[in-house]
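Peer 1: Here it is: the structure, laid out below.
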Amino acid sequence: MASHYETFYCLEQSIRELIVSTLFDKFGSDWWNDGAVPANIVTDVEKRMQRDKDSGFSLRSEREIDYTNFGELSVIITFNWDVFGAIFSSKRAVERIMNSLNLLRGPIAHCSPLAADEVDRLSLTVKDWFRSMG
């Protein structure tokens, strides 16, 4: 399972970086607060960050994007399709791929073994993600 976790971790981090760099280029350094992110996601992230602060533990990050869940990453991309449409070949494909990745993420994140078919599905879905980039 460790290799599947590593695969998913690297993919998720690369998606975060794609979002950050793309929205930074379009909206500037305050893109998170300038309407590029739906208000409900901004609010939910603020709550998660506050919960971390209140815990007394080290914060996982100083960046809001690192407090989004995987499903929210998909919403941010589709919410800004006017920008991301230049990167991806199809909005519907991105939504489908992100949904599949989100379903695969569950067992990986919760340390459950993946069935052989799901290992194949993970590999194919990662390939689909990179293929979707126009």
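The values are calculated or read from the model by the stated rules, or taken from the named source; none is laboratory data. Keep in mind it's a predicted model, so treat the numbers as computed, not measured. Don't worry about glycine lacking a Cβ; one is built from the backbone with ideal geometry, like all the others, and counts go over all protein chains shown.
Peer 1: Condition first: β-branched (Val, Ile, Thr) and more than 15 Å from Thr68 (Cα to Cα). Now tell me which residues in the range 1-30 satisfy that.
Peer 2: Thr7, Thr22
Peer 1: Under 9 Å between Cβ atoms, at least 6 apart or on separate chains: pull out the pairs that start in the range 68-87 with a residue that is without any contact (Cβ under 8 Å) to a residue 40 or more places away in the chain and end on any residue that is outside any helix (DSSP H, G or I) and surrounded by fewer than 16 Cβ atoms within 10 Å (Cβ to Cβ).
Peer 2: As it stands, the answer is Glu72/Pro38; Val75/Pro38; Gly85/Gly134, since those pairs meet every condition given.
Peer 1: Looking at the range 13-29, can you tell me whether even one residue there is modelled with pLDDT of 95 or more, surrounded by fewer than 12 Cβ atoms within 10 Å (Cβ to Cβ) and more than 22 Å from Gly134 (Cα to Cα)?
Peer 2: yes
Peer 1: Now for a separate question. Do any residues in the range 7-25 that are in contact (Cβ under 8 Å) with a residue 24 or more places away in the chain have Cβ atoms under 8 Å from those of residues that are surrounded by fewer than 16 Cβ atoms within 10 Å (Cβ to Cβ) and in a helix (DSSP H, G or I), where the two are at least six apart or on different chains, and which pairs are they?
Peer 2: Phe8/Ala109; Arg16/Asp66
Peer 1: Which one of these is farther than 25 Å from Thr125 by Cβ and of a type in the set (Ser, Thr, Tyr): Ser3, Ser58?
Peer 2: It is Ser58.
Peer 1: Considering only residues that are surrounded by 12 or more Cβ atoms within 10 Å (Cβ to Cβ) and small (Gly, Ala, Ser), which ones fall in the range 30-45?
Peer 2: If the condition is that a residue be surrounded by 12 or more Cβ atoms within 10 Å (Cβ to Cβ) and small (Gly, Ala, Ser), then Gly35, Ala36 are the ones that fit.
Peer 1: Go over the candidates Ser58, Ser90, Ser112, Ser74 one by one and state the one that is at pLDDT 95 or above, among the hydroxyl-bearing types (Ser, Thr, Tyr) and surrounded by fewer than 16 Cβ atoms within 10 Å (Cβ to Cβ).
Peer 2: Answer to the selection: Ser90.
Peer 1: Assess whether Asp117 counts as being assigned to a helix (DSSP H, G or I) and modelled with pLDDT under 95.
Peer 2: For Asp117, the condition - assigned to a helix (DSSP H, G or I) and modelled with pLDDT under 95 - is met.
Peer 1: Kindly list, by first and then second residue, each pair from a residue in the range 100-126 that is touching a residue at least 24 places away in the same chain (Cβ under 8 Å) to a residue that is basic (Lys, Arg) and surrounded by 13 or more Cβ atoms within 10 Å (Cβ to Cβ), limited to pairs with Cβ atoms under 9 Å and residues at least 6 apart or on different chains.
Peer 2: Going by the 9 Å Cβ cut-off, the qualifying pairs are Ser100/Arg121; Leu104/Arg121; Leu114/Arg121.
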